[in-house]
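What follows is a short report on a single structure.
The values are calculated or read from the model by the stated rules, or taken from the named source; none is laboratory data. Bear in mind the structure is a predicted one, so any value in this text is a computation, not a measurement. Because the Cβ atoms are built from the backbone with ideal geometry, glycine has one as well, and the counts that use them run over all protein chains shown. What goes into the accessible areas is simple: the full protein's heavy atoms, side chains included, and nothing from ligands, DNA or RNA. Shrake-Rupley method; radii C 1.70, N 1.55, O 1.52, S 1.80 Å.
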Amino acid sequence: MTVVPDLLRQRATEAPDEVALIADGVGSLTYRQWEQRSNAAARGLVSQGVATQQTVALIFGNRDWLDYAVGYLAVQKAGGIAVPLGPRFAGAELEGILAASGAVAVVSAGGSPSPGPGAGPGCAERFGSGVAHLSLPELEDRNSPESFQVPVADSDLAEVLYTSGTTGLPKGVACSHANILFHAPPPEGEFPGRASVVHAFPVGTNAGQEVLRLPLRRGDRTAVILAAFDPERYCQVIEERRVRRLQLVPAMAQLIVASGAAGRHDLSSVERVVLSSAPCPPTLIAATAAAFAHAAVWNTYALTEAGTARTLNTDAVAHPDAVGRPVGATQLRIVDDDGHEAATGTAGEVLLRHPGAPARWYFRDPEATARTFDRDGWVHTGDVGYVDDGGTLYLVDRKKDLIIVGGLNVSSVEVENVLFRHPAVADVAVFGVDHPILGQDVAAAVVGRGAVT
C-alpha cells in the first residue's frame, strides 16, 4: 500500500539534494527540504486538532507555490484531505466551497490569506466560526523535521479538486491516494534523463496538480513555476533551461504567437507541445507549430472527473479538428440522449472510462455523482462529439452549460445568479462568445427593469 507522501519520502532518501521545484524569481525546494518542512507542518496540523480524513483548505497564490507544495503534503501526512484553492476563488464562492467541503482549517502562506481579487479585508473572518486560519510558518515553527505520517489507507481521500459544474457552486472531485497514484503507461517517446518542465497553471487546477506531482512520480524532473503567465518570460525559461516538453492551454499558445516571443528566444530544445484543457482552433495549432518549429504538436482531451481516461492526437498539425484516440486502456463511447450507442460519425455525448482505475466522485454530492459517474465506471462528460471509422474523436459541442475561458471553466448559471442579484436586472442569459486570446469570453443578454445604463 502506497500513499502520496511515500513518493516524497522515497525521493528525499534517494536524491535529497536534487531540486524538485523552482518558483521563478522566488526560490527553490529540494526533496530534502520538501520532506522536512512538510513533516514539521504536519506535526503542527495535528497539534492544532486536525484529525484523520478531515478536509483542510489550502489558499495560495502562484508566487507561494513552494509553500503550497509543503502545505499540500503536510495535510496528507497529517492524514487529512487537501482542498487546493487558488486565487480564482473569492467572496461568496469561496465561503460556499469551504462550507461544502467541510473544511476544519484554512492554511495560507502567512498572515491573512488573499483568496483573490475583490475579496476585500476581513476575508479570514468570513471563513466561518468553525474554520481555523493557520499560517504555514506557524505550523512549521519549532516542530521536528523527522519523518512523520498519520496512518491512512490508499483508499482514503487525498484531495478534493473544485471545478465548475453545470449549476451553482463548483463541484469537488474527490480523489483517493490510490486514484492519484494509478497512472497509465507514459506516452510513446517519453523523455529519459533529467529534464525541466515549465508551467504557470493556477494552484488547485488539475493541470497544476499533475505538474506538482511530476517530480514525485519521477525523480528526474524539475518543475519551474511562473507566478503568472508571461509569454516573454515563459520563452526565456525554455531557452535557459533547454526545456523539451511543454503543456499549454490554447490561451497561452495564442499569447506566445501574438507576442512574437518565440522569435526572440532559442526554442529549439522543445520536442513536444501538448495542448490541453480547452478546444483549440486549427489556425492556432498551425501557428503553434510554426512558433515551435522543432516540436511535434499534440492535442489531448481530458477532464478532472475522468482522471487518467483521456484521448490523444499525436499529429495535431495534420489533423487539427481531432482530439485523438483513447490513450492506453482508456475506453470511449458516444451515446444518444437515451443512452444508446451512436453510429460511427453520428454526434452524441462523450463517455470515458479507464478500467481498473479507482473511482472519482463528487465530494458530498451523491445526486451530482449519480448524474456524472455511472456504476460501470463511465464518466458522462457533457461534451458532444463523434468518432470516425478509425476511432478518432472529434468534439463538436457542449451539453454542459459551461464557458471555457483560457482553459478554466466558468459556470454560466453561477454568473447569472450573481447578475440576478442586481435590482435593475429582470432576466438574464449568460453565454460564451469567441475571444482571440482566451478562446471564449463571458457575455450576458440582460432584460432590465425600467431605464438602465
Top-ranked residue in the stretch 39-57 [being touching a Phe, Trp or Tyr at 6+ places or on another chain (Cβ under 6 Å) and open to solvent by less than 40 Å² (accessible area, probe 1.4 Å); ranked as farthest from L157 (Cα to Cα)]: N39
Residue count for the stretch 212-241, restricted to those that are under 16 Å from Q10 (Cβ atoms) and of a type in the set (K, R): 4
Strands (runs of 3 or more DSSP E) contained in the stretch 220-291 and holding at least 2 residues more than 30 Å from D397 (Cβ to Cβ) and in contact (Cβ under 8 Å) with a residue 12 or more places away in the chain: 221-225
Whichever residue in the stretch 292-308 is at pLDDT 95 or above and part of a loop (DSSP other than H, G, I, E, B) and, among such residues, is least open to solvent (accessible area, probe 1.4 Å): F292
The stretch 396-453, subset acidic (D, E) and either open to solvent by less than 50 Å² (accessible area, probe 1.4 Å) or modelled with pLDDT of 85 or more (or both), residue farthest from F89 (Cα to Cα): D434
Subset of the stretch 11-38 (residues that are open to solvent by 70 Å² or more (accessible area, probe 1.4 Å) and farther than 16 Å from H199 by Cα): T13, E14, D17, E18, R32, Q33, Q36
Filter result (open to solvent by less than 40 Å² (accessible area, probe 1.4 Å) and of a type in the set (A, V, I, L, M, F, W, C)) within the stretch 135-159: L136, L139, V150, V152, A153, L157, A158
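Out of curiosity, is T344 modelled with pLDDT of 95 or more, of a type in the set (S, T, Y) and open to solvent by 50 Å² or more (accessible area, probe 1.4 Å)?
The answer is yes for T344.
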Candidates R194, R221, R233, filtered to the one that is more than 30 Å from R43 (Cβ to Cβ), modelled with pLDDT under 95 and of a type in the set (K, R): R194
Residues within the stretch 347-377 that are open to solvent by 20 Å² or more (accessible area, probe 1.4 Å), closer than 22 Å to A278 by Cα and without any contact (Cβ under 8 Å) to a residue 60 or more places away in the chain, tallied: 3
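Run down D383, D365, D389 and say which single residue is over 22 Å from Q331 (Cβ atoms) and of a type in the set (D, E). Spell out how you get there, then give the answer.
Numbers: D383 fails: over 22 Å from Q331 (Cβ atoms); D389 fails: over 22 Å from Q331 (Cβ atoms).
Exactly one residue qualifies, and that residue is D365.
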